[in-house]
Amino acid sequence: MVDEKGSTRGLQNGEYLLSDPVLLQEMRTAREVRLPGSSALLVSCYAPITEKLIAQLRARGIETLFAEPIQGKSVLASVAYMENMFQVIDQIVRKSLGNVQDLATSFQHRRDQQTLERLMRENLADIQDLFLSDPTEKLLALTRYHNGTARHSIVASFHMMAIGRELGWSDAQIVKAAVAVFNHDIGKTKVSLATLDWPGRLNNEQWKEIQYHPLRGGLLFHRAGETPDLLMLVALMHHEWYAAVPGKGYGGATLFADYLKQSVQVDMPSVLAQITPQDREILHASSLVDMVSALEERRSYKQELDPIKVIIIMNSDAVLGHFDPGHYAAWHRIYLRQNPNLLPLGRRVALPREKEQRLFVPKPPKMVNALPLLTYYELVQLGILPVLKNVGMDVERIRRRGGLLLKVVEQMKEEKRLSFDCSPAALEAAGITLLKDRIIPEEEMIELDAWREWLTYEELERSELLSLVRSHHFDLGIIRREGGIAPYRLSRRGVRIPEQKLRRLGIELLKRWTVRLPASENRLTAEELGKLGIGEARIKEAGCLEKVKRLKSVPLQWLEECGLAISSTEMARCNIDPVRKVFYDILVTQEISSTRAQFVILREGDPYEGMEAAREKGDLDPVQDLLLNKIGPVVMDFSELVAMPDLSHVRMGSHWGVSETEHL
C-alpha cells in the first residue's frame with residue numbers, strides 16, 4: 001500500500017490508513033493511540049472514530065490506527081441520548097450542593113428526576129443495547145463523554161439495567177431502579193474533595209466521613225412528613241449487606257437507624273417492612289452494582305481492575321453474604337458473557353491474593369552476645385503477641401528479626417497500659433530462657449500452586465536427550481541436583497525438544513509445581529530518599545528519577561546499582577525500616593482457555609521488555625533473575641476462583657425488616 005508521501009509499506013491485520021477515512025466509517029479504535037515518540041495517550045481503545053478525530057490524529061503526525069467495526073447500534077447515536085441524561089444528572093448534583101432545604105430548589109430537583117425518568121423510558125432499548133454489546137465500550141466509549149461527579153453512578157445504573165433485564169423485571173421497574181441508582185452516591189457531594197481524592201489508605205476520620213455519605217444522601221432526599229421514597233432508600237441502603245454479617249455493611253438499616261428515628265422521625269424497620277417486594281429487590285441490587293462499578297473504575301487510590309480481578313473479588317464478597325444470591329447469579333452470567341476470554345495473550349494483571357499462600361521460613365541462625373530477648377513463638381506462648389498487635393506493633397517485623405527485646409516489651413506495656421505478665425516468674429513457669437546467644441530470623445515467602453514444563457534427569461536419560469544436552473554445554477551435575485531442567489532453557493541454547501517422542505514414552509512436559517517467591521524486600525520511597533539527603537537532582541543524575549516518581553517504592557539494591565548506595569546505619573539514623581511487601585503481576589504469554597494460561601511472573605513496576613533486554617546483558621537484579629531464569633513460565637488455572645460460587649448458605653438478614661420466607 002502507498003501512503004501520502006508515496007512510500008510503500010505493509011499494513012498489519014486490522015490496521016487502516018487515516019488518509020482513507022471512508023474505510024473507517026462506523027468503526028472504533030481497536031488499540032490505544034499514543035503520541036509518536038511518547039507514552040502520552042491520545043485515544044482510548046474502543047473509542048468511536050469520527051472525522052474530527054481523524055483530523056486531530058493526522059495533525060499530530062499519526063498515519064495509521066487499528067480499528068474494528070462497531071457492534072450493535074451506532075455508539076454515537078446512543079451517546080447522544082446519554083448526553084441528555086448526563087446534563088440532567090449534572091443539574092441534580094449541582095443543586096444538591098446548594099441549599100436543599102429551599103422549597104423551590106427541592107421542587108426543581110424533583111422535576112429533574114422526572115425528566116431523567118422520561119429520558120430513560122424513551123431510550124431504554126438503545127441504552128441497553130449499547131451497554132450489553134461490549135463491556136469495554138460501556139466504560140470507554142460512553143463514560144469518556146462525562147468526566148463529572150456522576151460517572152460512577154452512570155456505570156452503576158447500566159449494571160442495574162442489565163441485571164434487571166436478566167432477571168425479567170418489567171421496563172417500568174428497570175427504569176425506576178436505574179434512576180434511583182443514578183442518585184445513590186449523591187451524599188458524596190457533602191464529603192470533602194480532600195477525602196474523595198485521597199490517594200492512599202484513609203485514616204479513621206476520613207473513613208468516618210466516607211461512611212456518612214449514605215446518611216447525607218438520604219437526608220438530601222428527605223421531605224418532612226412524607227414516607228421515604230425509593231430515591232431516599234437507595235441512597236441510605238446501598239452499602240448495606242444482604243446477610244447480617246458482623247462488622248460488614250453500613251447504612252439506614254444499621255449504622256444510622258437510631259439517628260434517623262431521633263432526628264427526622266423515620267423508623268427504618270417499619271419503612272422497610274412496608275415497601276413493595278419490587279422496591280426491596282432494587283435496594284438489594286443497589287449494593288451489588290455499586291461495588292462492581294467501583295472495582296471497574298479508576299479512582300485516586302487505585303487503577304481500574306481487570307475483569308478477572310473484578311470477578312474474583314465479587315465472588316469472595318458473595319460467599320460472605322454481601323449480595324442477594326439470585327441477583328449475584330444474574331450478574332455473574334452477564335459478566336462472563338461480556339468477558340468470554342478473561343486471560344487474553346499479553347494481558348498483565350496483579351497476582352490475585354486468593355492464589356497466594358504466605359508462610360515464614362527460618363533463615364540461618366545469627367550468633368550474638370547474650371541478649372534478654374523473647375522470640376516470636378515465646379511471645380505467642382505468653383499471650384503477649386495478640387496484645388501487641390492490637391496496639392499497632394508490626395508482628396511480622398518481630399518475626400523477621402527473630403524476636404523482641406524484653407525492655408521493648410516492658411516499655412510497650414507501660415506506655416500503652418497493657419495487661420500481660422512478662423515477669424521472671426511468668427517466664428520461668430513457661431520454661432523460657434530469657435538470655436539468647438543466637439537469633440533465628442525468618443523470611444516471609446509466597447507460595448503458588450502452578451504447573452511448569454519440566455524434564456527430570458531420568459526423563460532426559462530415557463528420551464536419549466542427555467548426550468545432546470551435554471554437547472550444548474549444560475552442567476549435568478547441576479541438572480541432577482536441581483531435579484531436572486525447564487525445556488525452554490534447552491530451547492534457548494538450540495536443543496530441539498522431540499515432543500512426539502516424549503509423548504510416545506509417556507513423558508508429560510507439564511508437571512505440578514509449587515512456586516516460592518519472596519514476600520518482602522528492602523525498598524525505599526521518594527520521601528525516604530529525601531530524608532536521607534538524596535534529592536531529586538541527585539536521583540536524576542543517577543538516571544532513575546522517572547522510575548522513582550512512577551513507583552511507590554523502589555528496590556534498595558536497584559538504587560545501589562544506579563550509584564545511590566545507602567547503608568543500614570544511615571537508614572537507622574533516620575528511623576527508616578526499608579522492608580516492604582513485594583507485589584507481583586502475571587503476564588499472559590500463552591492462551592490455553594478462558595481461565596487457564598501460561599504466565600511469566602513479574603515484580604510490580606518492572607517492565608517485561610526492559611527485563612528481557614537486561615537478561616541478555618546479565619543485568620537482572622536477584623528477584624528478577626529468580627522470576628525469569630530460575631522460575632520461568634508457569635501455568636496457572638483460575639477456574640475455581642471465577643466460577644459461580646455456592647451461595648445456598650446465604651440468608652437475608654433481619655435488618656431488612658422481613659424474614660427471607662416473606663421476601664420469597
**OP:** State whether one or more residues within region 155-170 are part of a helix (DSSP H, G or I), modelled with pLDDT of 75 or more, within 20 Å of the chain's Cα centre (by Cα) and closer than 21 Å to G252 by Cβ.
**Re:** yes
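Count, please, the residues in region 452-465 that happen to be more than 27 Å from V600 (Cα to Cα), outside any loop (DSSP other than H, G, I, E, B) and open to solvent by less than 30 Å² (accessible area, probe 1.4 Å).
Qualifying residue count, region 452-465: 0.
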Original post:
Can you find a residue in region 66-73 that is surrounded by 13 or more Cβ atoms within 10 Å (Cβ to Cβ), within 27 Å of G346 (Cβ to Cβ), at pLDDT 80 or above and of a type in the set (D, E, K, R)?
Top reply: no
Original post:
Going by the conditions given, is R580 of a type outside the set (A, V, I, L, M), open to solvent by 50 Å² or more (accessible area, probe 1.4 Å) and within 30 Å of V642 (Cα to Cα)?
Top reply: yes
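Being under 22 Å from G168 (Cα atoms) and either surrounded by fewer than 17 Cβ atoms within 10 Å (Cβ to Cβ) or not aliphatic (A, V, I, L, M) (or both) narrows it down to one residue among R347, R337, R358; which is it? Don't jump to the end; show me each part of the working.
Details: R347 fails: under 22 Å from G168 (Cα atoms); R358 fails: under 22 Å from G168 (Cα atoms).
Step by step, each of R347, R337, R358 is checked, and only R337 is under 22 Å from G168 (Cα atoms) and either surrounded by fewer than 17 Cβ atoms within 10 Å (Cβ to Cβ) or not aliphatic (A, V, I, L, M) (or both).
Give the residue, chosen from P441, P487, that is under 30 Å from Q590 (Cβ atoms), of a type outside the set (K, R) and either surrounded by 11 or more Cβ atoms within 10 Å (Cβ to Cβ) or more than 33 Å from the chain's Cα centre (by Cα) (or both).
Values: P441 fails: under 30 Å from Q590 (Cβ atoms).
When all the criteria are applied, what remains is P487.
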Original post:
Restricting attention to region 306-333, and to residues there that are hydrophobic (A, V, I, L, M, F, W, C) and open to solvent by 10 Å² or more (accessible area, probe 1.4 Å), which single residue is nearest to the chain's Cα centre (by Cα)?
Top reply: I313
**OP:** Tally the residues that are surrounded by 15 or more Cβ atoms within 10 Å (Cβ to Cβ) and assigned to a helix (DSSP H, G or I), restricting the search to region 513-552.
**Re:** 8
Original post:
Can you pull out the residues in region 391-420 that are open to solvent by 70 Å² or more (accessible area, probe 1.4 Å) and either in contact with a helix residue (DSSP H, G or I) (Cβ under 9 Å, 6 or more places away or on another chain) or closer than 18 Å to V579 by Cβ (or both)?
Top reply: D394, R397, R401, K416, S419
Original post:
Quick check, is G225 on the phi > 0 side of the Ramachandran plot and buried (at least 21 other Cβ atoms within 10 Å of the Cβ)?
Top reply: no
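Just to confirm my filter: which helices (runs of 4 or more DSSP H) fall fully inside region 257-328 and include at least 3 residues that are more than 24 Å from V179 (Cα to Cα) and in contact with a Pro (Cβ under 7 Å, 6 or more places away or on another chain)?
Working: elements: 257-263, 268-274, 277-296, 307-320.
Once the helices (runs of 4 or more DSSP H) in region 257-328 are filtered for at least 3 residues that are more than 24 Å from V179 (Cα to Cα) and in contact with a Pro (Cβ under 7 Å, 6 or more places away or on another chain), what remains is 307-320.
Restricting to region 365-392, count the residues that are of a type outside the set (S, T, N, Q), in contact (Cβ under 8 Å) with a residue 12 or more places away in the chain and closer than 22 Å to M445 by Cβ.
Initially, region 365-392 is screened for residues of a type outside the set (S, T, N, Q), giving 365-368, 370-374, 376-380, 382-389, 391-392.
Remaining after also requiring in contact (Cβ under 8 Å) with a residue 12 or more places away in the chain: 365-368, 370-374, 376, 378-379, 382-385, 387-388, 391.
So of that shortlist, the ones also closer than 22 Å to M445 by Cβ come out as 365-366, 376, 379, 385.
Residues flagged as of a type outside the set (S, T, N, Q), in contact (Cβ under 8 Å) with a residue 12 or more places away in the chain and closer than 22 Å to M445 by Cβ within region 365-392 amount to 5.
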Original post:
Does region 500-512 hold any residues that are open to solvent by 30 Å² or more (accessible area, probe 1.4 Å) and either under 20 Å from R615 (Cα atoms) or touching a helix residue (DSSP H, G or I) at 6+ places or on another chain (Cβ under 9 Å) (or both), and which are they?
Top reply: L505, E508
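Of everything in region 180-203 that's charged (D, E, K, R) and part of a helix (DSSP H, G or I), which residue is surrounded by the fewest Cβ atoms within 10 Å (Cβ to Cβ)? Spell out how you get there, then give the answer.
As a first pass, look at region 180-203 and keep what is charged (D, E, K, R): 185, 188, 190, 197, 201.
If we keep only those that are part of a helix (DSSP H, G or I) too, we end up with 188, 190.
On the way: K188: 23, K190: 17.
For region 180-203, the residue satisfying everything is K190.
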Original post:
On the given criteria, is D449 touching a Leu at 6+ places or on another chain (Cβ under 8 Å), open to solvent by 40 Å² or more (accessible area, probe 1.4 Å) and not in a helix (DSSP H, G or I)?
Top reply: no
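The values are calculated or read from the model by the stated rules, or taken from the named source; none is laboratory data. Nothing here was measured: the structure is a model prediction, and the numbers come from that model. Heads up, the Cβs are rebuilt from the backbone with ideal geometry, glycines too, and the neighbour counts pull from every protein chain shown. Each accessible area value is taken on the protein alone, full model and side chains, heavy atoms only, with ligands, DNA and RNA left out. Shrake-Rupley method; radii C 1.70, N 1.55, O 1.52, S 1.80 Å.
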